[in-house]
Each structure stands twice: as C-alpha cells, then as structure tokens.
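The values are calculated or read from the model by the stated rules, or taken from the named source; none is laboratory data. Since the structure is predicted, the reported quantities are computational estimates derived from the model, not experimental observations. Cβ placement follows ideal geometry from the backbone for every residue including glycine, while neighbour counts extend to all protein chains displayed. What goes into the accessible areas is simple: the full protein's heavy atoms, side chains included, and nothing from ligands, DNA or RNA. Shrake-Rupley method; radii C 1.70, N 1.55, O 1.52, S 1.80 Å.
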Amino acid sequence: MKKYFAEFFGTFWLVFGGCGSAVLAAGIPELGIGYAGVSLAFGLTVLTMAYAVGHISGGHFNPAVSIGLLVGGRFNAKDLVPYIVAQVGGAIAAAAVLYTIASGAAGFDVTAGFASNGFAEHSPHGYSMMAALVIEVVLTAFFLIIIMGATDKRAPAGFAPIAIGLGLTLIHLISIPVTNTSVNPARSTGVALFQGSWAIEQLWLFWVAPILGAIIGALVYRFIAEEK
C-alpha cells in the first residue's frame, strides 16, 4: 500500500503546487508570477516529489505516465488501476484544499476557471479543439520519452528527477496559452470537478489526448532505445 500512498501524496503536491500557483499567485497585478512562474511551479512539484517518493512508487503522479510506462515495459499491469485511483484521489484532495483556501478571498469565483484545462472559448487564448488535441498528444509523447530516457539504466544515475521536472516546466511554457496545460488526466480531473461546468464537459479531451500521447511516446522510446 505504501506505493499507492506515495502516488496519492505526489499527485496531491503536483496539483496543489502547480494549480495553486496559478489560482493564488499568477494573477496579482504587477506582482503575479505569470505563465513562467506557473510553469516552473509544476516542474518543481514533480522534481521535488520524484526525489522524495520516487524510490517508493516510481514517481508517476499521472495516469497517462502509468499507462505509458506499462506500454513501455516499465510497469506492472496489476498496479495500473490502483495507481490511477490513487493519482485521481490525490488530485481531487488537492483541489479541495485549494478551493478551501482560494474561497477565503473576497470575489473568488470558481466558475471562472480554477486552473482548469479547456479549448475553444475556454482556451486561455482561444485555441481550437484540434489544436488542443494535437498539442496535448505531442507534449505527452515527449514527456514519456524524457521519462523513459532519464530513467533508463544507461542514463546517468540520480539525475532523472531534474530532467523530468525541467521537461514538465518546458511543456507548460509551450502550452499554457493553448490548453492551460494538462498532459495529466488526474490534474485535469481534480480542478474540473470544482469548476463544475464547462471544465467537466471538456474533460474527455484531457484524458484521451494525454493517454494517446503517452502510448505513442512509450512506443517511440522502445523503438529508438532497443538494444540489439
């Protein structure tokens, strides 16, 4: 059970730190951390928790990563469902805590977004559903390539969390304007449940695209890294 708790708390930290930075710290006039700060926050959550509990659970914190690693031959199928349950549970718990804090501010309106992912009129800059689908697939695929490469037994030992955390930072720098960046169905689900309307209606894309991208990335890495 310890590895499931590790996934729960790791995903909690990812959602609370990443989405919390967006909800609480990004929009303050002249002082807010902006897109770059939110991108760094997401990367730091993964980097810190990968070092903290990665040796216990593998540090997935993301259903798409777990599925990708299963396809990539790095994960046991019997653990897939418990991992996803733990990850989604951690994301929902983090969103609940974040909602409790954010609602303490005058004028807070959860329906305005609550760091949810979206496309079309709910994209931060009005990107279409197709644009959202493509960028989420492509970026999740590269995220899996980074993860599998950094954790390959032939890679330098001890540096994987840094590469993975910086990789997630870069992913957010690219795609926050398009979808508010998911590449993680658990992260999308946690805040969508509290946003309560359009975020739930569009949530399907932020499950389908990251999972498809993770499978593609895992297959690509297996192909290019296979030892003869």
PHE8, PHE223, PHE114, PHE159, ranked by accessible area, largest first (probe 1.4 Å): PHE223, PHE159, PHE8, PHE114
Rounded if a/c under 1.5, otherwise prolate or oblate - the chain, Cα gyration tensor axes: prolate
Most to least accessible of SER21, SER103 (protein chains only, probe 1.4 Å): SER103, SER21
Heavy-atom accessible area order for VAL71, VAL65, VAL134, largest first, 1.4 Å probe: VAL134, VAL71, VAL65
Å² of accessible area per residue within region 116-178, as computed with a 1.4 Å probe and no ligands counted: 45 Å²
Computed FRET value (nearest 0.05) for LYS3 with MET130, which takes r as the C-beta separation and R₀ as 35 Å: 0.40
Nearest-10 value in Å² for the accessible area of MET1, using the 1.4 Å probe: 150 Å²
Accessible area of HIS55 in the full protein assembly, 1.4 Å probe (Å², nearest 10): 140 Å²
Fraction in percent of alpha-carbon pairs per bin - 10 Å, region 1-95: 18, 44, 26, 10, 2
Mean ellipticity per residue at 222 nm, deg cm²/dmol - from DSSP H runs of n ≥ 4 across the chain, formula -39500 (n - 2.57): -22500 deg cm²/dmol
Dipole magnitude of the chain about its Cα centre (Cβ charges: Lys, Arg +1; Asp, Glu -1), debye to nearest 20: 700 debye
Per-residue HN-Hα couplings for region 193-199 [Karplus 6.51, -1.76, 1.60; θ = phi - 60°; Hz; x = Gly/Pro]: 4, 8, 4, x, 9, 5, 5
Share of carbon and sulfur in the accessible heavy-atom surface of region 49-141 [1.4 Å probe, %]: 67 percent
